[in-house]
Amino acid sequence: MKGVEVTVEQVSRAYGSFKALDDVSVQIKKGEFFSLLGPSGCGKTTLLRIIAGFDYPDTGTVEFDGKNILPLPPDKRQSNTVFQTYALFPHLTVYENVAFPLRLRRVEKNELDRKVREYVHLVQLDEHIDKKPSMLSGGQKQRVAIARALINEPSVLLLDEPLSALDAKLRQNLLIELDVIHDKVGITFIYVTHDQSEALSVSDRIAVMNKGKILQIGTPYEIYEAPATRFVAQFIGESNIFPCTVLSCEPHEGEYMLKVDVPSLGGVVSVTDYDPLEIGSEVDFTVRPEKVRITSTPPRTMHKELNLYKGVVDEPVYSGFQSKFYIRLDNEEKSIVKVFKQHTTFLDEGPEIDWRDTVYVSWTATDGYLVKETNR
Amino acid sequence: MKKVLKPREREQLLGTVYAFPMGIWFTLFFTIPLGIIVLYSFLKRGLYGGVEWQFTFDAYAQMFNPSFAKVVVRTLWISIVSTLGCILIAIPCGYAMAKSKYQTFLLFLIIIPFWTNSLIRIYAWISILSTEGFVNTILIKLGILTEGVQLIYNNGAVVLVLIYMYLPFAILPLFTTIDKFDFALLDAARDLGATKLESIVKVMFPNIKSGLSTAFIFTFIPIFGAYTVPLLVGGKDSTMIGNIIVDQVSKTRNWPLASAFSMVLTFISLVGVFWMLYTGKREQQQSKKTTQQSLEQNVRKHHLPRGGK
């Protein structure tokens with residue numbers, strides 16, 4: 001691996017009374033595609049700017065392979081940045097933009113020409129090489145920025161919401177390209193984004209941030225399937241979240257089977273979890289909308305631990321490949337449960353579900369999950 | 001049948017009507033006087049001022065005189081040094097103003113000196129620089145000097161006061177272009193390995209070129225024609241072209257020669273203005289061409305069938 005290991009230790013940064021970063025520590029492995037994910041104002045960009053050298057922490061250290069880099073100015077760090085606004089030099093052509101870092105280092109002419117063409121080819125802009133940035137589309141501009149940031153052969157590439165200014169389709173394509181480039185160059189990528197689907201699809205690991213703190217670090221699977229806090233559960237994907245109290249906890253097939261009291265669902269719900277929980281502890285019960293089954297008649301299943309509720313369709317939302325239903329449960333609380341239903345094949349589907357229909361929603365114990373940290 | 005004007009035609013007609021008063025004003029008080037100067041420069045000198053109606057190149061011939069040549073050379077170097085001085089001071093000023101939170105207040109500070117008559121401001125400099133002036137008094141009080149030094153009535157004082165007088169004309173255009181400059185580009189340059197100075201010279205300067213050329217024109221042209229400053233704070237050897245013209249009109253009463261020198265000033269200024277218009281237009285054309293091309297690109301990409309050219 002050509003990249004470096006990036007260690008951020010106990011970094012804090014305040015702007016006046018606003019704490020942009022509050023005691024943040026994270027270790028990013030060599031050659032990893034690591035994402036910092038969070039809503040705007042969560043401190044992810046501040047952290048990136050500190051690693052790049054445009055901002056300085058009040059306390060804490062940042063190390064590349066164990067060497068403190070904080071005393072170094074941006075031009076002396078082994079990192080290069082791809083900016084959200086591209087920051088291409090408008091007076092220079094694509095060729096000269098990409099050649100800029102090499103010209104600064106006074107690279108010999110033939111070598112410079114060879115490298116510039118190589119990197120322009122890497123981002124597939126060969127035919128636009130002599131154009132000025134103003135003649136390029138957004139996606140092309142961002143590719144120039146990527147080539148320009150990579151040509152110095154940095155050990156870390158910092159990407160500050162590089163795709164946020166592009167339209168959805170282009171964003172997907174460029175994201176895949178970024179992943180391919182990451183595999184090719186093999187250096188550490190630190191990717192800042194507020195878009196969870198971007199982060200989930202390409203990252204090796206993700207750090208979810210909010211209000212200057214890192215809430216959870218893990219693989220996309222861990223973050224989605226086992227959110228550490230209520231915020232993570234709500235921010236990543238969609239969730240039905242209800243506060244609950246643990247009633248019982250027994251070992252069950254290598255995991256634990258718990259009975260929890262969920263007042264919003266009008267009673268006891270069974271759910272499995274990897275760890276035992278103390279009886280009486282207050283936690284959050286969550287089930288993803290795509291794991292809830294919706295049927296017009298009670299489902300014919302023999303599953304022992306099925307959680308089954310009757311309700312009325314409050315609001316159907318059609319979105320092509322799937323529909324989202326807001327189901328108002330037929331209990332005292334009248335709580336709402338969100339359900340995704342895939343439109344797969346005609347054969348699978350029973351009668352079409354519509355507004356004000358009475359329906360049954362159900363999920364098994366293994367579909368639910370308990371979020372332990374409820375206050376953040 | 002009554003002719004009905006299309007909206008665009010009517011707008012064009014209205015534009016002409018609106019421009020009419022300004023047109024008359026400029027014709028009466030600018031173009032005609034300039035014409036008179038051109039005319040006078042080709043006429044014979046009248047004995048007690050004025051001209052005799054006789055066509056001649058005498059005035060232009062008289063200009064090729066070693067003592068005048070010296071003045072022209074001096075005017076050139078004083079103007080160039082003062083202009084460069086103005087721009088060198090104005091760049092960091094404009095930068096600081098663009099970055100500052102108190103832009104409006106700073107702009108206000110720049111404009112304040114214009115509320116005072118320029119003559120009064122020059123006299124203020126005389127009292128600052130003279131032998132018993134402000135600077136000398138302080139230096140003597142501090143014990144650095146024992147007696148006053150002659151700071152005034154030399155070319156240095158002329159350059160200093162010229163820079164002071166025309167600095168705002170350099171700051172204002174530079175401030176407006178630097179204000180529009182994207183400072184993220186400096187971050188990008190630093191990130192890519194440029195030192196602070198390299199990032200400013202290689203990235204900022206090329207992108208504020210229009211401000212630099214405007215500042216140059218706005219300061220160089222008035223400085224080139226200056227005559228009060230060299231007259232009041234300059235010495236024996238500080239005469240500039242502007243002073244020659246005043247002398248020829250009021251003392252020597254050689255109006256054709258004065259007109260000829262005015263023609264030189266006007267000509268050099270015109271060269272400057274045309275240069276600015278030319279570079280400005282070229283930039284505009286370039287950007288127009290690029291938008292045109294990217295438009296074509298888009299149309300080709302989205303509206304033409306795939307495969308076919």
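No lab work stands behind these numbers, since they all come straight from the coordinates. Everything numeric here is computed off the predicted structure, so don't read it as measured data. Heads up, the Cβs are rebuilt from the backbone with ideal geometry, glycines too, and the neighbour counts pull from every protein chain shown.
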* **Shielding by other protein chains, B:178-190, mean Cβ within 10 Å** => 5
* Asked: Using unit Cβ charges (K, R positive; D, E negative) and no other charged atoms, how large, in debye to the nearest 20, is the dipole of the protein assembly as shown about its Cα centre?
  -> 3940 debye
* Euclidean distance of C-alpha centroids, region A:196-240 and region A:290-350, integer Å -> 25 Å
* What FRET efficiency comes out for the pair B:F134/B:L76, r = Cβ-Cβ distance, R0 = 30 Å, nearest 0.05? -> 0.45
* What ranking, highest mean first, results for peptides A:32-44, A:100-112, B:185-197 when packing means the other Cβ atoms within 10 Å averaged over each residue? -> A:32-44, B:185-197, A:100-112
* If you take the alpha carbon radius of gyration of region B:94-239 and divide it by 2.2 N^0.38 Å, what ratio comes out, to two decimals? -> 1.33
* Distance between modelled label sites at B:I120 and A:K29, nm, 7 Å Cα→Cβ extension -> 7.6 nm
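Once you have the Cα-Cα distance between A:D330 and A:T344, take 0.36 nm times their residue separation minus that, and quote the gain in nm to one decimal.
2.3 nm
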* Report the full-extension gain for the segment A:L306 to A:L277: residue separation times 0.36 nm, less the Cα-Cα distance, to one decimal in nm. => 8.3 nm
* Mind putting together the pair-distance distribution for chain B? All Cα pairs, 20 Å bins, whole percent per bin, short to long. => 22, 46, 26, 6, 0
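For B:S127 and B:F108, calculate 0.36 nm times their separation in residues minus their Cα-Cα distance, and state this gained length in nm to one decimal.
Separation in residues times 0.36 nm, less the Cα-Cα distance, equals 4.3 nm.
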* Asked: Between A:V317 and A:T61, what FRET efficiency follows from the Cβ-Cβ distance if R0 is 45 Å, with the result rounded to 0.05?
  -> 0.40
* Using alpha carbon centroids, what distance separates region A:94-171 and region B:213-285, in Å? -> 47 Å
* For region A:6-234, state the average projected area of the convex hull of the C-alpha atoms over all orientations, rounded to one decimal in nm². => 12.8 nm²
* **Förster radius 35 Å - calculated FRET efficiency between A:D130 and B:F274, Cβ distance, rounded to 0.05** => 0.70
* Asked: With no solvent and one point on each alpha carbon, what is the Debye value of log10 I(q)/I(0) for the protein assembly as shown at q = 0.06, 0.08, 0.09, 0.10 Å⁻¹?
  -> -0.61, -0.88, -1.00, -1.11
* What's the average, rounded to a whole number, of partner chain beta-carbon atoms within 10 Å of each residue's beta-carbon in A:130-138? -> 4
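In which sequence would B:K236, B:K202 go, from the one with the fewest C-beta neighbours within 10 Å to the one with the most?
Neighbour counts put them in this order, fewest first: B:K236, B:K202.
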* **Residue-averaged beta-carbon neighbours from other chains (10 angstrom radius) around A:91-97** => 2
